[in-house]
Every structure is written in structure tokens, then in C-alpha cells.
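What follows is a short report on a single structure.
The values are calculated or read from the model by the stated rules, or taken from the named source; none is laboratory data. The structure displayed is predicted, hence computed values, not measured ones. We place every Cβ from the backbone using ideal geometry, glycine too, and count neighbours over all the protein chains shown.
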């Protein structure tokens, strides 16, 4: 039997994952059956099972891609980090990396990421991967915060990683708002972040 070209195999795998993702977004992971994926992909069971042994394998593959999209948004900024002095907009821009490619303006990407987070409650392996991705993003944000503190532009008495945790929570909230409400105003989000981060620190009583 002749072997299929690598390009054909990759295209078929892509076809399956894209179809599964569309169904998962519409119906959720567990309300989507393997037959739903077959129907959406317009493929036979044999064609799909050649690439994935089960629906859980497809869930894992689509979730891994979603997390890679999220991670790549922060990796691009990390590469540019040394080319410019840190200022407030650097941090705001970095947090809003989720509003640029590959995630920019994509309601589907936000909806799918929220489902991935929910699935992480059930899947220990996915939860571990999610923690790894977010830890890397937190490290990038924390590095910028630390440089900001060194210039005296943020209070230095709060650990940079604590500030990074809050900023990453804002990222989560931004994506959830987009997923649930269908939009999130990045301009308003940016203005609010700048106002909060430039506000003078209050003395502790």
C-alpha cells in the first residue's frame, strides 16, 4: 500500500482538529461525541482513528494548540524586551498581548480557552500544562514589572511576582469577558490598567 505524502497527512490531521474545535466551541467537550467530530470533519471513523485513538486524544491536541497560542503571544514580547527601556505602556502592552495575533479579536479563541480552563479541573495532565504556560507568561510579565520597579515607576516594596499575578488575573478576566459577553473593549481595558498602575500608593494604616 502506497504511503500518503507527509503534507496530506498533516492536512488531514488539521482538518480533524479544526472540525473538533468548532464542535467543542459550540457544544463543549463532553457534549460533543466522536460521531459529531466525524460529521463535522466529513470523514469516516477509520480516517479519524488513524490519527487519534479517542476523543480525549483530540481534546488534548486541541487544548495544547490553544495553550501554544496563548504562550506565543507573550514569547513575542519577551524577544523584544531588551530593545527598549521599560515604561508603563510596555507592561500594559504585554498584558494585552492576548488582544493581538494569534488571539486578537477572536471570540472563538476566547471561548475555547475558557473551555480549556474548565477541562483542566478534570484533567491533571492538562492542568499541569496550563500551569507551565501561565508560569512562563507570569515570568515574562514579572521581569518587566521588576525593571519598572528598578526605575522607580512602581513601588518596590511589593514583590514583582505578586504584581505579575494580579496582571495575569486581569488577562484571565479580559478573555472571560470576551468569551461570555462576546466582546471586550481593549481600549477601555488599557485605560483602566494605566490609571490603576499609575495611581499613587496609599500608606498602610
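Yes/no matrix, rows are residues, columns are (1) surrounded by 17 or more Cβ atoms within 10 Å (Cβ to Cβ); (2) under 22 Å from residue 126 (Cβ atoms):
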| position | (1), (2) |
| --- | --- |
| 7 | no, no |
| 16 | yes, yes |
| 21 | yes, yes |
| 25 | yes, yes |
| 30 | no, yes |
| 35 | no, no |
| 38 | yes, no |
| 43 | yes, no |
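Scan region 26-61 residue by residue and report those that are assigned to a helix (DSSP H, G or I) and closer than 20 Å to residue 180 by Cβ.
Correct list: 26, 27.
Could you please give the count of residues in region 5-17 that are in contact with a helix residue (DSSP H, G or I) (Cβ under 8 Å, 6 or more places away or on another chain) and either in a loop (DSSP other than H, G, I, E, B) or under 28 Å from residue 179 (Cβ atoms) (or both)? Before the answer, list the steps.
First, the residues of region 5-17 that are in contact with a helix residue (DSSP H, G or I) (Cβ under 8 Å, 6 or more places away or on another chain): 12, 15-17.
From what is left, the residues that are either in a loop (DSSP other than H, G, I, E, B) or under 28 Å from residue 179 (Cβ atoms) (or both) are 15-17.
Qualifying residue count, region 5-17: 3.
In region 78-97, is there at least one residue being modelled with pLDDT under 80 and under 26 Å from residue 17 (Cα atoms)?
Within region 78-97, the subset modelled with pLDDT under 80 is 78-97.
Those still in the list that are under 26 Å from residue 17 (Cα atoms) too: 97.
Yes, region 78-97 contains a residue that is modelled with pLDDT under 80 and under 26 Å from residue 17 (Cα atoms).
Conditions: (1) in the same structural domain as residue 126 (by TED's automatic domain parsing); (2) farther than 30 Å from residue 171 by Cβ. Residue 65 meets all but one. Number of the miss?
Every condition holds for residue 65 apart from (2).
Considering region 141-163 alone, what residues qualify as being in contact (Cβ under 8 Å) with a residue 40 or more places away in the chain and crowded, with 20+ Cβ neighbours inside 10 Å?
First, pick out the residues of region 141-163 that are in contact (Cβ under 8 Å) with a residue 40 or more places away in the chain: 141, 143-145, 147-148, 151, 153-155.
Answer for region 141-163, where residues must be in contact (Cβ under 8 Å) with a residue 40 or more places away in the chain and crowded, with 20+ Cβ neighbours inside 10 Å: 141, 144, 145, 148, 154.
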